[in-house]
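Heads up: the structure comes next, in structure tokens.
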Amino acid sequence: MTTKTKAILNPNLICFVLLTREITHIAVPGSVVALMASQPKNPRSDNEAADVPPEVDHDILESVDSVQEAIDSLNKKASVEILKVEQKFNKLRKPHYEHRAELLAKIPNFWHTVFVNHSHLRKVITEEDQKVLAYLRAVEVQEFDDITSGYKINFYFDENDWFKNDCITKEYHVSEKGEPTATSTKIDWKPGMDLTESADNGREGQKRDYPHQSSFFCWFAFDRNAVGDVIGDYIKDELWPNPLQYYLNPEVDSDEEVEEDLLDEEDDEEEEEEDEEDGQDLAYDEAGGEDAAKSS
């Protein structure tokens, strides 16, 4: 994702949009995990400098470059200050998240509904997965204190027939070199109930973000390069900030939206045709009435 897109998706970091031209970050699923000022460009070689139109004053270019260095320096300081602000507000948000969790726990099948209502996540959720997600009582996203090193997602389950875990966690870490990795709790499946070994469970022919994934729970074993993990992205950046909106308003797939638009257009055309026919009938009736009056 681009810097601008990622910043917009994370409502806690909307302020980054103001700095999209100068601030860059390492994008690990669901989090702006490291900020840095844009790196100064390497000096042009003589050959590269020859590409500059001869009428351009090189002193002006050097002055512009000097100003750009000052801007980059300010952006570097800004990134540090923004991180401090985000850390501060993470602490302020925490009690509100806890209160929200207490309230959501009173709504039956809340998180199950939220996941199924998300247009992308539903594509990796099988019918059997839905049965398990009915036991999902809470979801929690926790950013690490320094924000830059990653975050984790906790899934809390009531006792069920599929596995013994009451909490399954997926963590995303970023090394000092900026290399992202992911680790997950090993799911303690009950005998014969491992959904990751099953077939596609009736989801054949549907588009999948993870085409070889037979179950949503395969995601917990997806601990390779975290950059390609869009599921963590969706949960942290889209579901977690405001899950209620997904509970109340199911997302529609883009294909479904197109189909609905076409159906709406067809309905409008049919209504217009009916109105025209009604108008013609009315005109005919009025004309017939006038002729009858004249003949009388």
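Quick notes on this one:
- If the condition is being under 20 Å from the mean Cα position of the chain (by Cα) and either more than 24 Å from P243 (Cα to Cα) or surrounded by fewer than 19 Cβ atoms within 10 Å (Cβ to Cβ) (or both), then segment 150-173 contributes N154, T169, H173.
- The one condition in (1) within 21 Å of the chain's Cα centre (by Cα); (2) assigned to a helix (DSSP H, G or I) that V85 fails to fulfil: (1)
- Which numbered condition F110 misses (of (1) in contact with a helix residue (DSSP H, G or I) (Cβ under 6 Å, 6 or more places away or on another chain); (2) more than 22 Å from Y234 (Cα to Cα)): (2)
- Matching option when the condition is loosely packed, with under 14 Cβ neighbours inside 10 Å and at pLDDT 95 or above, among E69, E55, E140: E69
- Subset of segment 126-172 (residues that are more than 23 Å from V85 (Cα to Cα), outside any loop (DSSP other than H, G, I, E, B) and touching a residue at least 40 places away in the same chain (Cβ under 8 Å)): E127, E128, D129, V132, L133, V139, I168, K170
The values are calculated or read from the model by the stated rules, or taken from the named source; none is laboratory data. Keep in mind that this is a model prediction, so the values were computed, not measured. Don't worry about glycine lacking a Cβ; one is built from the backbone with ideal geometry, like all the others, and counts go over all protein chains shown.
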